[in-house]
Number of protein chains: 2
Amino acid sequence: MAVYTHVPAEEIDAFLTRYDAGRLVSAKGIAEGVENSNYLLETTNGRYILTLYEKRVDEADLPFFIDLLDHLGERGCLVPRFIPDRTGKRLQQLSGRPACLIEFLTGISVTEPTPAQAKAAGAALGQMHRAAEGFSGQRRNALDLPGWHDLAGKCGDHFDEIAPGLGDRVAQELAWLDAHWPSDLPRAVIHADLFPDNVLMLGDQVTGLIDFYFSCTDIRAYDLAVTQSAWCFSNDGSAWHADRAAALVQGYVESFGLSDAERRGFQALCRGAALRFLLTRAYDWINTPADALVTRKDPLAFLRRLDFYASASPAELLGA
Amino acid sequence: MAVYTHVPAEEIDAFLTRYDAGRLVSAKGIAEGVENSNYLLETTNGRYILTLYEKRVDEADLPFFIDLLDHLGERGCLVPRFIPDRTGKRLQQLSGRPACLIEFLTGISVTEPTPAQAKAAGAALGQMHRAAEGFSGQRRNALDLPGWHDLAGKCGDHFDEIAPGLGDRVAQELAWLDAHWPSDLPRAVIHADLFPDNVLMLGDQVTGLIDFYFSCTDIRAYDLAVTQSAWCFSNDGSAWHADRAAALVQGYVESFGLSDAERRGFQALCRGAALRFLLTRAYDWINTPADALVTRKDPLAFLRRLDFYASASPAELLGA
């Protein structure tokens, strides 16, 4: 959430001459997305996002993201396309970093979604899954069940510094997921991080899905579980919003559908989604000094979600 | 250079209903200015900056800044005006902070100014000084000569952790300035921080002067000295750009003028300007952990400027 690489405006202006994108009239570093450096540019043609990729995004993955958003955009999804330069090249170097010029989309990210907004988000996720059919790109999800085991191992004894007993709780949950993970469900390209931050809206209309840098190939219905865990609780995880959850699932079912097998596996997927964010937040918590200027996100907000998912009725999670 | 206070988009949208400023269609936290939280807003009417004031800006000073930019804007200066709400109010509260909606200006900040750009900046500074005539507001410069003594006292023994002998050098310079400071020169409202960051340009044209949060009442020609120290050296202070300096002074003289007394006092003003930034940077350096995520600006970049100013010929500084 910061600008890590400062690019002089003169360099941005020179960079733009590779494109049919007009001349620079404004450039503002914006606090957005995962650990990339982002600039909101205004040119004589319109607005663009300039992204420089920092260490958290692997340059080798960029062609996957570029091709995916092209595929989705061509099929009518509201996603930010990577802009080709005059030679057709979309991945560049700027200030020593991989860099791309990206379409700017209007819309704002809601913080407290209404059921109507949750329904629209579910529908947009389903439309994205529909549009992704036929996309041939593949990317392994580093944050899958084996990845969670790795991450838990790295956190080790430090879990209990966050909350007493957390290490045991995580170990038990991993054992449960090993036994119950619905590995045979259909796999596809998923967004894998569709928090409200990553959905642009105007009123109840979705105007864009953004930040695909966790997108990967995994169980498709897991994407709905991640989205539900992100949209249907209070921020601290203490309150479950059944109305949002029912609307989100309804929107998804109406636009894409959910099979009986996916419904049967949904509770396990939700428990997995809650554990995934619990683990990455715990890892960041343990590895970020308390006095650092970045805000550490509370891992316990996802322990509370996990507790809810573990004790809920399967029907409740599907809004029935 | 970060967004310190996160304001939910729903709150920004509700905030905008106080104004005739349209409905929110985009909000991006931007990395800009002193330690405030800034959002670049797009509404159905146009673009605006939303600023929330953090601890470094004293709320009691905001009416001074608001009135000053109104005064300057009414006299044709390209400065970002504070937007009044429907009741005429320009200073509000949002998310527990003083907050203002501010005009958005296009233009980019140059990093390596050309002489033509330095001349335009000098001319814009002179136009600002002309427009400020008749402004009745007063604000003490906390970073004046007595303020430098205070700051040096606070840095104390820590100077020599930055560079051996720095403490003695600062003490000698303060003694020299006490003896030579041209306190009888005309005083006026000055910007006091007109770095290239704070000048928006398109090509060689100035499109805006921004970030007036250090503006205050002090020796008017000191503003030109500050601007020169910011525009006419390489970033690390090791190279003096005589061509930029001559152009900057020429632009200022053509648009406002410089009296004989101001010319005679200019070298002392330049030494003071270099010391002012050396001291604030040294203070921040000493008080910021080396591993913090904010970039510490090198105090020695202004020690090098000070060394240059102390040994230069007075005529050289005026571009003669």
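Summary of computed values
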| read-out | value |
| --- | --- |
| For A:Phe256, net neighbour charge (Lys/Arg +1, Asp/Glu -1) across residues whose Cβ lies under 14 Å away | +1 |
| For A:Gly237, residues with placed amide H under 5 Å, excluding near neighbours | none |
| Using distinct alpha-carbon pairs, which all enter the 1/r mean, Kirkwood radius of the protein assembly as shown in Å | 27.2 |
| Note, ³J(HN,Hα) from phi for the range A:271-284, Karplus 6.51, -1.76, 1.60, rounded to Hz, x at Gly and Pro | 4, x, 4, 5, 5, 4, 6, 4, 5, 5, 5, 5, 4, 5 |
| Alpha carbon centroid spacing (whole Å) that separates the range A:45-124 from the range B:195-219 | 33 |
| Other-chain or far-sequence residues with amide H under 5 Å of A:Phe212's (modelled H) | none |
| Student exercise, the range B:82-123 dipole from Lys, Arg, Asp, Glu Cβ charges, in Debye to nearest 20 | 220 |
| Length released on extending from A:Glu133 to A:Ala116, taking residue separation times 0.36 nm less the Cα-Cα span | 3.5 nm |
| Residue-averaged beta-carbon neighbours from other chains (10 angstrom radius) around A:16-24 | 1 |
| 0 to 90° range, to nearest 10: angle between helix B:166-180 axis and chain B longest Cα axis | 90 |
| Three-way shape label, the range B:148-193, alpha-carbon gyration tensor, a/c 1.5 | prolate |
| Average other protein chain Cβ within 10 Å of Cβ, residues B:97-109 | 2 |
| Approximate shape of the range B:98-195 as ellipsoid semi-axes (Cα gyration tensor, √5λ), whole Å, largest first | 32, 20, 17 |
| Signed unit charges on C-beta, dipole axis of the protein assembly as shown, positive-most listed residue A:Leu317, B:Ser109, B:Leu177 | B:Ser109 |
| Residues whose placed amide H lies under 5 Å from that of A:Leu78, excluding near-sequence neighbours | A:Leu209 |
| Cα gyration tensor shape for the range A:1-73, rounded if a/c is under 1.5, else prolate or oblate | oblate |
| Principal axes of the range A:12-135: Cα extent on each, largest first, Å | 45, 32, 29 |
| Sequence ranges A:116-124, A:304-312, ranked by mean other-Cβ count within 10 angstrom, highest first | A:116-124, A:304-312 |
| Nearest-ten-degree value, helix A:115-132 long axis tilted from longest Cα axis of chain A | 70 |
| The range B:115-317: radius of gyration over Cα atoms, expressed as a fraction of 2.2 N^0.38 Å | 0.99 |
| Förster-model FRET efficiency, 60 Å R0, B:Glu11 and B:His180, C-beta, rounded to 0.05 | 0.70 |
| Label-to-label distance, nm, for residues given as A:Ala60 and A:Asp307 (7 Å Cα→Cβ offset) | 4.1 |
| Value of [θ]222 nm, deg cm²/dmol, for the protein assembly as shown, DSSP H segments ≥ 4, -39500 (n - 2.57) each, nearest 500 | -13500 deg cm²/dmol |
| Spacing of the two label points (7 Å from each Cα toward its C-beta) at B:Glu74 and A:Glu316, in nm | 6.3 |
| By average C-beta atoms within 10 angstrom, highest first, the peptides B:188-195, A:223-230 | A:223-230, B:188-195 |
| Tilt relative to chain A, helix A:145-155 - C-alpha long axis, 0 to 90 degrees, to 10 | 90 |
| Estimated dipole of chain A in Debye, rounded to 20 [Cβ of Lys and Arg +1, of Asp and Glu -1, Cα centre] | 480 |
| Charged-residue dipole, Cβ positions (Lys, Arg, Asp, Glu), the range A:9-103 about Cα centre, Debye nearest 20 | 160 |
| Integer Hz, Karplus 6.51/-1.76/1.60 couplings in order for the range A:84-95, x for Gly and Pro | x, 7, 5, 9, x, 7, 10, 9, 10, 10, 8, 6 |
| Hits among lysines - C-alpha to C-alpha of B:Lys154 under 27 Å, sequence gap 8 or more where chains match | B:Lys55, B:Lys297 |
| Which of B:Leu24, B:Leu62, B:Leu78, positive extreme of dipole for the range B:9-103 (C-beta unit charges) | B:Leu24 |
| Exposed-site-free run, longest, chain B (rule: GluC sites (Glu not before Pro); DSSP loop; at most 14 other C-beta within 10 Å) | B:134-320 |
| Hz values of 3J(HN,Hα) by residue in the range B:52-66 - Karplus curve (6.51, -1.76, 1.60), Gly and Pro given as x | 10, 8, 8, 4, 6, 9, 7, 3, 5, 7, 4, x, 4, 5, 4 |
| Average partner coverage of B:42-49, which counts Cβ from other chains inside 10 Å | 1 |
| Options A:Gly134, A:Ala282, A:His191, ranked by Cα towards positive dipole end of the range A:115-317, top entry (Cβ charges) | A:Gly134 |
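Values in this text are rule-based calculations from the coordinates and carry no lab data. Source: prediction; values computed, not measured. Reconstructed Cβ throughout: ideal geometry from the backbone, glycine too, with neighbour counts over all protein chains shown.
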